[in-house]
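Below is one structure, written out as structure tokens, with a few remarks after it.
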Amino acid sequence: MKKHNFYAGPSILSEYTINKTAEAVHNFADMGLSLLEISHRSKQFQAVMDEAQALVKELLNIPDGYSVLFLGGGASLQFCMVPMNLLATKAAYINTGTWATNAIKEARLFGDVEVVASSEDANFSYIPKDFTIPADVDYFHYTSNNTIYGTETRVDPDVNVPLVCDMSSDIFSRPIDVSKYSIIYAGAQKNLAPAGVTLVIVKDDALGKVERAIPTMLDYRTHIKKGSMFNTPPVLPIYSALMTLRYYKELGGIAEMEKLDLKKAGVLYDAIDSSKMFVGTVTDPADRSIMNVCFVMTPEFKELEKDFVSFCDERGIVGIKGHRSVGGFRASLYNAMPLESVEVLVDAMRDFEKKHS
Ligand SMILES: *Cc1c(COP(=O)(O)O)cnc(C)c1O
């Protein structure tokens with residue numbers, strides 16, 4: 001039986017992506033060779049890179065003056081590459097969770113970091129709203145979707161300094177105004193491809209403003225100059241990313257993805273809100289993530305949380321155990337997740353509640 005996959009990352013990919021990747025592993029571009037055993041300099045792979053970059057630009061409506069890169073090292077390497085390339089004296093960060101905390105830690109290695117707001121006081125269960133960004137910072141960094149805590153910022157903020165965003169777990173879930181950003185980065189393993197590649201969108205003229213020596217591989221300009229082919233890129237996840245991007249385009253683009261995502265999240269949040277057993281962990285409904293839905297059982301039923309995980313398991317629902325720093329449950333509803341799987345989860349919640357009331 002095909003499982004209902006609610007894992008947070010690596011996570012569900014479309015069947016289209018997985019099937020097309022499997023085909024290319026056996027016979028890539030009719031070369032009679034596997035994607036895994038050919039040169040990344042072949043014209044067939046160059047075509048993959050070119051189309052993947054072009055489709056990211058098309059789907060996200062990226063204006064001229066930006067480069068699209070596929071880099072190694074995960075989103076976590078961007079925590080250091082961003083300040084290494086942009087931080088001359090001071091940067092501003094907002095702390096909305098574990099990933100933001102990690103990004104702040106790395107930035108401190110390169111200059112002054114002002115944390116303009118934090119929701120750590122309430123275990124990151126909300127997005128701080130009232131804060132001021134000093135006008136003299138080199139950039140402001142935020143995390144659009146807090147994968148572990150289930151909070152999300154779904155508008156591109158207006159700020160008076162260069163803007164940088166970690167969109168690892170919600171990129172391609174809504175149209176974005178790329179022109180507001182200097183750098184957007186996203187580890188691929190949540191809404192794009194298998195682990196091993198990070199999508200980076202960088203505004204070319206944001207670079208070259210720091211004095212420090214930057215190691216070749218960590219300098220965005222190296223990769224921009226060479227079209228993301230300075231060294232051997234992660235060919236397999238890039239190929240899978242291209243398949244996912246084609247799939248998004250086929251489905252009608254990112255505005256269409258957003259409609260489907262809002263619908264799926266709506267079904268699950270409605271079930272949580274109408275339940276006496278389950279309760280959401282995010283305090284303000286406006287901050288609720290449509291990608292990662294976090295919920296727990298009310299104190300009265302708390303001891304049944306373990307049982308619910310096995311109850312789900314019997315129905316082929318996997319990956320809903322919450323992150324250890326929040327507890328309870330987290331259902332990740334990435335783009336590839338079908339509405340039917342969300343309905344199976346909601347039915348399981350209703351049946352479990354009925355059984356115990
Ligand atoms: C998963 C995740 C990361 C970490 O990504 P890696 O590719 O494992 O380094 C960073 N930020 C966010 C928002 C994430 O969801």
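Quick note: the coordinates plus some simple rules give every number you see, no bench work behind them. Source: prediction; values computed, not measured. Neighbour counts run over all protein chains shown; Cβ positions are idealised from the backbone, glycine included.
Below, the figures for the structure above:
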| item | result |
| --- | --- |
| Of all DSSP beta bridges in the chain, antiparallel share, percent nearest 5 | 55 percent |
| Length-normalised contact order for the stretch 216-295 - Cα pairs under 8 Å, 6+ apart - percent | 18 percent |
| Convex hull volume per residue for the stretch 203-357, taking Cα atoms only, in Å³ | 192 Å³ |
| For the chain, size of Cβ-based charge dipole, Lys and Arg +1, Asp and Glu -1, in debye | 620 debye |
| Relative contact order (%) - criterion: Cα under 8 Å, at least six apart; region: the stretch 313-357 | 26 percent |
| Cα gyration tensor shape for the stretch 116-243, rounded if a/c is under 1.5, else prolate or oblate | oblate |
| The chain: relative contact order as a whole-number percent, Cα under 8 Å and 6+ apart | 23 percent |
| Cα-based equivalent ellipsoid, the stretch 24-149: semi-axes from gyration tensor eigenvalues, Å | 38, 17, 15 |
| Surface/4 estimate of mean projected area, convex hull on alpha-carbon atoms of the stretch 174-213, nm² | 4.1 nm² |
| Which of A92, A75, A47, positive extreme of dipole for the stretch 16-111 (C-beta unit charges) | A92 |
| Most positive-pole-ward Cα, A331, F352, F301, against dipole of the stretch 228-357 from beta carbon charges | A331 |
| Per-residue [θ]222 nm for the chain (sum of -39500 (n - 2.57) over DSSP H runs n ≥ 4, rounded to 500) | -11000 deg cm²/dmol |
| Only Lys, Arg (+1) and Asp, Glu (-1) charged, at Cβ; the stretch 50-181 dipole about Cα centre in debye | 180 debye |
| Burial ordering of L207, L33, L60, fewest other beta-carbon atoms within 10 Å first | L33, L207, L60 |
| Farthest positive-ward along the chain dipole, Cα basis, beta-carbon charges - from A188, N61, T232 | T232 |
| Ranking of D170, D64 by count of other Cβ atoms within 10 Å, fewest first | D64, D170 |
| Size of charge dipole - the stretch 141-293 - debye, nearest 20, with Cβ of Lys, Arg +1 and Asp, Glu -1, no other charges | 440 debye |
| The stretch 145-194: equivalent-ellipsoid semi-axes (sqrt of 5 x gyration tensor eigenvalues, Cα, Å) | 19, 12, 10 |
| Mean projected area (nm²) of the alpha-carbon convex hull when the chain is viewed from all directions | 18.1 nm² |
| Per-residue ³J(HN,Hα) for the stretch 273-285, Karplus 6.51 cos²θ - 1.76 cosθ + 1.60, θ = phi - 60°, Hz, x for Gly and Pro | 5, 9, 9, 9, 9, 9, 9, x, 9, 8, 5, 9, x |
| Listed peptides 211-224, 264-277 by packing density, highest first (mean Cβ within 10 Å) | 264-277, 211-224 |
| Residue order, fewest to most surrounding Cβ atoms within 10 angstrom, among V293, V344 | V344, V293 |
| N123-K276 pseudo-label distance in nm [points 7 Å out on the Cα-to-Cβ vector] | 2.4 nm |
| Whether the stretch 1-57 is rounded, prolate or oblate, judged on the alpha carbon gyration tensor where a/c under 1.5 counts as rounded | oblate |
